[in-house]
Amino acid sequence: MEAKLCQSCGMPLASDEVLGTNADGSLNHEYCTYCYQNGKYTQDCTMDQMIEHCAEFTAEFNKDAGTNFTKEEAIAGMKEFFPTLKRWQA
């Protein structure tokens, strides 16, 4: 089964604890809690601004994933990947 990813930042939606919430308080299965709460995005930003924000977590990602991306490599990868996410397709 393919892992679900936040359709704003690409974070794995591995458990209910990281799911965002809809306006009625129910869990949203497309977005993480960091990107989507109470039926709204938590940040009003462009895709490039989101990429820069996410790049700040490169070291944490590397530790969790067992990878060794530089911040620049992470940004390049996100610039290719983020346009495939629902939030940035429009």
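Points to keep in mind about this one:
- Out of E60, E52, E73, E56, sole residue that is acidic (D, E) and more than 15 Å from the chain's Cα centre (by Cα): E73
- For the stretch 71-90, a residue qualifies if it is surrounded by fewer than 15 Cβ atoms within 10 Å (Cβ to Cβ) and aromatic (F, W, Y), and exactly one does: F81.
- Unique residue being of a type outside the set (A, V, I, L, M, F, W, C) and surrounded by 14 or more Cβ atoms within 10 Å (Cβ to Cβ) when the list is N28, N68: N28
- Any hit, the stretch 73-84, residues being without any contact (Cβ under 8 Å) to a residue 60 or more places away in the chain and either among the aromatic types (F, W, Y) or in contact with a Lys or Arg (Cβ under 8 Å, 6 or more places away or on another chain) (or both): no
All of the numbers you see were taken from the coordinates with simple rules; none came from a lab. Predicted, not measured: the structure shown is a model, and the values here were computed from it. Counting neighbours? That spans all protein chains shown, and the Cβs are built from the backbone with ideal geometry, glycine included.
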